[in-house]
Amino acid sequence: MKLRILIKTSSFLRFILTLVFMLVMFTCLSLGLADLGFRYQSEIAQFRIWMKETWLLWLLWRLMLYSVTGWGIWRCYHSPGSSQVLRQSLLRIAVVSVGFVAICEYSVLR
């Protein structure tokens, strides 16, 4: 009985420590990016201007990536050995992916 409680407690502590570690790493990464932004303001401004000038190429690149991904999903969905359960999972993944792409494109085009 005590062994089960110890195993449950140790896995819970491992989960908590993993979350704390991830939070610390994300905070360090964010602070590092902010530091780079403050140090290289003019270069970042020039990069942003370049991105705005070449927006059409980036749009074409994204459309190409989306079409290749859609083709891959279509091929997986229509593969001869796939079961109905796998097709339903793939369909759910595709719907969530389309929602994520729509949100990302909305944020880019704003």
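What follows draws every value from the coordinates through simple rules; no lab data is involved. Keep in mind the model is a prediction, meaning the values are calculated, not measured. Note: ideal-geometry Cβ built from the backbone for every residue, glycine included; neighbour counts use all protein chains shown.
Between A102 and M25, the simple spin-label model (points 7 angstrom out along Cα→Cβ) gives 3.3 nm. Only helical runs count toward this figure. For the chain, summing -39,500 (n - 2.57) over DSSP H runs of n ≥ 4 and dividing by all residues gives -32000 deg cm²/dmol at 222 nm.
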